[in-house]
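Single-structure report; data block below.
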Amino acid sequence: MKTYELEQYLNDKEMVEEKIQALIKEKVIKLDSSEGEVKGHIAKAGHNLDFVRAISPLDYSDWAVTACYYACYYACYHAALALILTKNYSSKNHLATLLVLIKEFYKKGLDKEDIEVLSSFLDYHDILFYVESKNKREDAAYSTKTRFDKSEVEQLRIKAALFVSKIRLILKNTYQLNKQVGG
């Protein structure tokens, strides 16, 4: 998603609603909810972040870049899926997830920066953040280089951890889910 498209979604509630309704008709978005699924997605997000923490200090930074990118990506995505389930939505793609988050949580727990972080993880084709990460991942996986700057892995981890923490806080404060959600 291009930056101006994201801006349009953030500023045009009617456009977001129309897109969501079209995605419901296409069965990309379903009206569904399960507290168990919410907890499962949040647990998986935490599990992915634990993995990143565990492998980041290892002396295999070439593989850490690859593994950490995907673990951070899935941590954010699972957290986003957990959050939209609380509003009785489930989603089959990234745009649908992002649109529901904008509709239900933008300026109601999530701010523009949060949406941009998620967008950068989810819609990788046009987002510079992902392009840089993807290039690092490809360098790590395909080049003969074995040393990478550990701070890059840590920056990915921090962005993902902050996003997941914010969603956990929203879930905890708004939906009063018990400690299994990540307290």
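The values are calculated or read from the model by the stated rules, or taken from the named source; none is laboratory data. Note that the structure is a prediction, hence the values are computed from the model and not measured. No Cβ is skipped: glycine too gets one built from the backbone with ideal geometry, and neighbour counts run over all protein chains shown.
Here are the numbers for the structure shown:
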{"item": "All positions within the stretch 100-114 that are buried (at least 18 other Cβ atoms within 10 Å of the Cβ), in contact with a strand residue (DSSP E or B) (Cβ under 8 Å, 6 or more places away or on another chain) and not hydrophobic (A, V, I, L, M, F, W, C)", "result": "Glu104"}
{"item": "Close pairs (7 angstrom Cβ cut-off, 6 or more residues apart or separate chains): over 18 Å from Lys112 (Cα atoms) in the stretch 1-21, assigned to a helix (DSSP H, G or I) and aliphatic (A, V, I, L, M) anywhere", "result": "Lys19/Leu99; Ile20/Leu99; Ile20/Val100"}
{"item": "Residue count, the stretch 84-104 (criterion: in contact with a Ser or Thr (Cβ under 9 Å, 6 or more places away or on another chain), in a helix (DSSP H, G or I) and under 21 Å from Lys39 (Cβ atoms))", "result": "5"}
{"item": "Members of the stretch 22-50 found to be assigned to a helix (DSSP H, G or I), β-branched (Val, Ile, Thr) and touching a helix residue (DSSP H, G or I) at 6+ places or on another chain (Cβ under 8 Å), listed by number", "result": "Val38, Ile42"}
{"item": "Out of Asn88, Asn93, sole residue that is touching an Asp or Glu at 6+ places or on another chain (Cβ under 7 Å) and at pLDDT below 95", "result": "Asn88"}
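Quick grid of which residues meet (1) closer than 17 Å to Ala160 by Cβ; (2) modelled with pLDDT of 90 or more; (3) of a type in the set (Gly, Ala, Ser):
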site: Asn11; (1), (2), (3): no, yes, no
site: Lys19; (1), (2), (3): no, yes, no
site: His41; (1), (2), (3): yes, yes, no
site: Lys44; (1), (2), (3): yes, yes, no
site: Asn48; (1), (2), (3): yes, yes, no
site: Asp59; (1), (2), (3): no, no, no
site: Tyr70; (1), (2), (3): yes, no, no
